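Peer 1: First, the structure itself, so that you have it in front of you.
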Amino acid sequence: MYKIAVIGDKDSIAGFAALGMRIFPANDGAEAKELLRKLSSDYAIIYLTEELAKLIPDEIEKYKEMFSPSVILIPGILGGTGMGLESISSMVEKAVGVDIFK
């Protein structure tokens, strides 16, 4: 069975535990990068808040070409920056060949 992890500030990710996902609070980019590297071998899907993602873009880029884990950006409690939608749009365009969101 595949496991799902969520990395972000505590307030943004607390609710995901009720859905059966493992939550991993991180307060800064260094912590998020370390968690992402650690969890990448055990989790198939890793949700990461956009606020932390913008602090570690090079680290996230490493996972874009990999089959697993899939790193998916989500908005935090303060709202989204658009990074998550842009990332998913890019993945869909690569898979389908057309940007179906525009």
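Laboratory data are not the source of any read-out in this text; all were calculated from the coordinates shown. On a predicted model such as this, the values are computed, not experimentally measured, just so you know. Neighbour counts are summed over all protein chains in view; Cβ atoms, including those assigned to glycine, are modelled from backbone coordinates with ideal geometry.
Peer 1: Residue-wise, which Karplus ³J(HN,Hα) couplings in Hz belong to the stretch 21-37, taking 6.51 cos²θ - 1.76 cosθ + 1.60, θ = phi - 60°, and x for glycine or proline?
Peer 2: 8, 7, 9, 9, x, 9, 9, 8, x, 5, 5, 5, 4, 4, 5, 4, 5
Peer 1: Assuming a ≥ b ≥ c are the square roots of the Cα gyration tensor eigenvalues, decide whether the stretch 1-44 counts as rounded (a/c under 1.5), prolate (otherwise, with a/b larger than b/c) or oblate.
Peer 2: It comes out oblate by the Cα gyration axes.
Peer 1: Check which residues have an amide H placed less than 5 Å from D9's amide H, if you skip close sequence neighbours.
Peer 2: Here A26 satisfy the definition.
Peer 1: The stretch 1-67: which GluC sites (Glu not before Pro) are DSSP loop and have at most 14 other beta-carbon atoms within 10 angstrom?
Peer 2: Here the sparse-neighbourhood loop sites are E65.
Peer 1: Which trypsin sites (Lys or Arg not before Pro) from the stretch 1-37 combine a DSSP loop assignment with at most 16 other Cβ atoms within 10 Å?
Peer 2: K3
Peer 1: Can you tell me the length gained on complete extension of the stretch K10 to S70, counting 0.36 nm per residue apart and subtracting the Cα distance?
Peer 2: Gain on stretching K10 to S70: 19.5 nm.
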